[in-house]
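**Q** Below are the structure tokens for one structure; questions will follow.
Derivation of every value follows stated rules applied to the coordinates shown; laboratory data play no part. Bear in mind the structure is a predicted one, so any value in this text is a computation, not a measurement. Positions of Cβ are backbone-derived with ideal geometry, glycine not excepted, and every protein chain shown enters the neighbour counts.
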Amino acid sequence: MADTSEFDPNLAISHNFPDSTYSYTERDVALYALGIGACASNAVDQDELKYVYHEDGQQFIKVLPTFAALLTLESLPNGFDLPGLQYDPRLLLHGQQYIELYKPFPSSCHIQNKVSLAGLHDKGKAAILEIETKSYEKESGDLLCMNRTTVYLRGAGGFSKSSKPFSYSNYPPNQTPAVKIPESKPFAVFEDRTHPSQALLYRLSGDYNPLHSDPMFAKVAGFSQPILHGLCTLGFAVRAIIKSICKGDSDRIKSITGRFLLHVYPGETLVTEMWLEGSRVIYRTLVKERKRTVLSGSVGLSGLNSSL
Ligand SMILES: CCCCCCCCCCCCC/C=C/C(=O)SCCNC(=O)CCNC(=O)[C@H](O)C(C)(C)COP(=O)(O)OP(=O)(O)OC[C@H]1O[C@@H](n2cnc3c(N)ncnc32)[C@H](O)[C@@H]1OP(=O)(O)O
């Protein structure tokens, strides 16, 4: 457990994060789509070509909704530092992601981010930070999306009394990514193989953490080899939902939650099971080779009609 004697969680929650900026072009949009497996098994896939190519003379490359998570990448130039909180960056894992989408993304954009701490929890063996980022289109001032990123800092807990562990969050409980998986048969199932070099491709979208590329670093972190980025797995799962439920129309996705339950090794096969629940899709993703659930969550949709 980290020496966190100088860490005052009450001070941490009033910490002001600086605003940050992020810019992307169509090239970033297409590279991201390839990184989460779009067109990987069919280079002319009729649902997915639009994310990587100006199909049929289309004017702009279409942006996938999970691209939203990348907008936060440069929000914390010094990592997830909170004054006084000590942790080993090699033991950091991505725990959860919550995304709200307010309008479709332009194919290139300059972004202004407002960042705040939405949650902080002492789990004894770990500390959990929840960082909220609101992303505005610089030119129009329009709010494009909100991300809440949960990081799980192994070994950094124990900064409060174990009889009354510190726990703070400033958002409604119905926005937590944990979901109850129905016992019924899934409405749809989609299988997709990640490539052995998937993490090496995905990292070019901006998350260069060596956990996903460096064998020695991965061993120190407790894994037999580099693991896949959690957001890459989430991208595969949401692509499966766009294909299986949205008939290829990604603009119907309004919110996304995901809880990373177990690591994925590049090259493994992802099987995403989906259930319809009102205007939400509940999903879980399993690694076929190990028969283990690695991700679960929900996706909020607009215009879900009875023909499904
Ligand atoms: C300001 C802008 C922000 C910047 C944004 C940056 C961009 C985004 C990038 C951020 C990501 C950082 C770098 C990325 C890293 C990765 O991608 S790592 C790969 C993806 N993640 C994983 O593979 C993790 C998979 N999950 C696990 O291995 C395990 O679930 C776990 C996280 C190690 C936890 O397991 P365990 O220690 O066994 O936990 P438990 O004993 O079951 O539970 C303890 C308490 O913690 C709570 N909890 C458990 N899992 C999670 C989780 N995934 N997320 C959140 N909370 C979790 C659990 O509920 C327990 O709490 P209590 O019930 O209160 O006791």
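**Q** Enumerate by residue number the trypsin sites (Lys or Arg not before Pro) in region 185-263 meeting two conditions: DSSP loop (anything except H, G, I, E, B), and at most 14 other Cβ atoms within 10 Å of the site's Cβ.
**A** Numbers: sites: Arg193, Arg203, Lys219, Arg239, Lys243, Lys247, Arg252, Lys254, Arg259; in loops: Lys247.
Qualifying residues, ordered by number: Lys247.
**Q** Before rounding to the nearest 500, sum -39500 (n - 2.57) across all DSSP H runs of length at least 4 in the chain and divide by the residue total; then give [θ] at 222 nm in deg cm²/dmol.
**A** Numbers: 5 runs with 40 residues, N = 308.
Only helices count here, giving -3500 deg cm²/dmol.
**Q** Something else: Loop-only GluC sites (Glu not before Pro) in region 31-112, please: DSSP not H, G, I, E or B, and at most 16 other Cβ atoms within 10 Å.
**A** In loop regions of region 31-112 (DSSP not H, G, I, E or B), the sparsely surrounded GluC sites (Glu not before Pro) are Glu74.
**Q** What pairs in Lys114/Lys161; Lys185/Lys243; Lys164/Lys254; Lys103/Lys288; Lys114/Lys164 have C-alpha atoms more than 25 Å from each other?
**A** Lys114/Lys161; Lys164/Lys254; Lys103/Lys288; Lys114/Lys164, as the Cα separations exceed 25 Å there.
**Q** Using alpha-carbon pairs under 8 Å, 6+ residues apart, how would you state the relative contact order of the chain in percent?
**A** Once normalised by length, the contact order is 19 percent.
**Q** Any chance you could give the angle, 0 to 90 degrees and rounded to 10, that helix 230-244 forms with the longest Cα principal axis of the chain?
**A** 30
**Q** Let me ask another. Sorting Ser279, Ser135 on the 10 Å Cβ count, fewest up front, what's the list?
**A** Ser279, Ser135
**Q** Right, here's the next one. So what are the ³J(HN,Hα) numbers for region 98-115, from phi and the Karplus equation (6.51, -1.76, 1.60; θ = phi - 60°), rounded to whole Hz, Gly and Pro as x?
**A** These are the phi-based 3J(HN,Hα) values: 10, 10, 10, 10, 9, 7, x, 7, x, 6, 8, 6, 9, 10, 10, 10, 10, 10 Hz.
**Q** What angle, in degrees between 0 and 90 and rounded to the nearest 10, separates the Cα long axis of helix 26-35 from the longest principal axis of the Cα atoms of the chain?
**A** With both axes taken from Cα atoms, the answer is about 80 degrees.
**Q** In addition: Mind listing the phi-derived Karplus ³J(HN,Hα) values for region 162-168, rounded to whole Hz, using 6.51, -1.76 and 1.60 with θ = phi - 60°, and x for any glycine or proline?
**A** Using θ = phi - 60°, the values come out as 5, 6, 8, x, 5, 8, 9 Hz.
**Q** What is the order of Ser23, Ser298, fewest Cβ neighbours within 10 Å to most?
**A** Working: Ser23 12, Ser298 20.
By the 10 Å Cβ count, ascending, the order reads Ser23, Ser298.
**Q** Let me ask something else. Taking region 209-293, which GluC sites (Glu not before Pro) meet the DSSP loop condition and have no more than 16 other C-beta atoms within 10 Å?
**A** Glu289
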